[in-house]
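Asks: Handing you a structure now.
Derivation of every value follows stated rules applied to the coordinates shown; laboratory data play no part. Since this is a predicted model, take the numbers as computed values, not measurements. Glycine gets a Cβ as well: all are built from the backbone with ideal geometry, and neighbour counts include every protein chain shown.
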């Protein structure tokens, strides 16, 4: 991408986005499109106190990275943390060496060092980025950001609204509570006590009336699962995890940890009208943010949102696909202890195997070895009483069916398995490399529920 293009994006971002406090991390160096720096940063998250967080480019929300579908993206990353780290580009089908998994795809980036990520995004849609090292702390303290890949052809929306969901575990003075507690890690995960959207509690975001909006919702939390609804306001589900679906009326849609939704709406013409975004728990609707009409864009409503163009994902050959089984299971109450008495919590397993420590000395065998270009059907069984959003790096799969819910088959990179649910997914192993395969509840991943799949 040319620097001229980046400058154009920077000039138009405040006009096309309804969330102006998001910024672009534009590079001043002609060989990079973006420069990202991870460092310690105090964040104003609660009244009367500052939080000693971590941030990309000194801010939260983190800078929005924008790319063009099919075009190379070059990012210069600088680590100013006191810890090693990496960046994983969640949902992008990229070269394995750029996937940001320490020891599996790259050496950790040490404090004071830098790394150049360069890859091409074959798919358009809503993605995000985050570290894949010291994940409970680094994600929990703020190192998460949106990555938007724009379609080859411009889409007919008047505005875009990015809604990034993230909890924080904070004391009243803004200091951090423990980010993980073993009794919660062994269950649904340690959830936060301060829920934010774009870093604010219950924000009200101004939008134009009589306008067509593309809402990009991202669950960038460590543990919390959402079920999204816009209440009585008419909305169309356009994409799940960046993969377009046939537009359908939105009632309630899962937004598990790591997942994203693209939703199309038309705003009313009455200034001051609010459209609430809810998290649905059973019969209860909990408002998490709202959109407020601040002015009117045109005299008559725009046409309803159209379908997004499909991404170039290979259709699995189900009749010739090889079947593999994966059981996600609770490991029990036995906690391994090292010779010095340090507890190594391993609560979760995939196919009776836990992998919780990432190091070059502790790289297990792959959970499966796939042949490049071949189709596979994965039988997934969640043999636990807790939900697990199962995420696969580097590949896109198709959810075929479930024994707990009605499924219209759809492509995605993350599937939420409810308790005791069995589901089938299918994919074409068309991207060579060693790809992480894990639950995206970060504590589940860090206490055993992760592995990797090899494609060669």
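Asks: Hey, rough spin-label estimate for residue 202 and residue 353, points 7 angstrom out along Cα→Cβ, what's it come to in nanometres?
Replies: 4.9
Asks: If you don't mind, another one. Return, for the Cα atoms of region 44-198, the radius of gyration and Dmax in Å, separated by a comma.
Replies: Rg and Dmax of region 44-198, Cα atoms, are 16.8, 49 Å.
Asks: Could you tell me the extents of region 350-456's C-alpha atoms along the three principal axes, largest first, rounded to whole Å?
Replies: 43, 34, 19
Asks: Quick check on packing: order 281-290, 414-423, 215-224, 390-399 by the mean number of other C-beta atoms within 10 Å, highest mean leading.
Replies: 215-224, 390-399, 414-423, 281-290
Asks: With each run of n ≥ 4 DSSP H residues scored as -39500 (n - 2.57), what mean residue ellipticity at 222 nm is computed for the chain after dividing by its residue count and rounding to the nearest 500 deg cm²/dmol?
Replies: -1500 deg cm²/dmol
Asks: Given the chain, report the % of alpha carbon pairs whose separation exceeds 28 Å.
Replies: 49
Asks: Want the number for residue 42 to residue 294: 0.36 nm per residue separation, take away the alpha-carbon distance, what's left?
Replies: Taking residue 42 through residue 294 to full extension adds about 87.6 nm, to one decimal.
Asks: Still on this structure, I have one more. Within 10 Å of each residue's Cβ, count the other Cβ atoms and sort 37, 126 from fewest upward.
Replies: So the residues, fewest neighbours to most, are 37, 126.
Asks: If one puts a single equal scatterer on every Cα of region 136-247 and applies the Debye formula without solvent, what log₁₀ I(q)/I(0) results at q = 0.10, 0.17, 0.18 Å⁻¹?
Replies: -0.39, -0.97, -1.05
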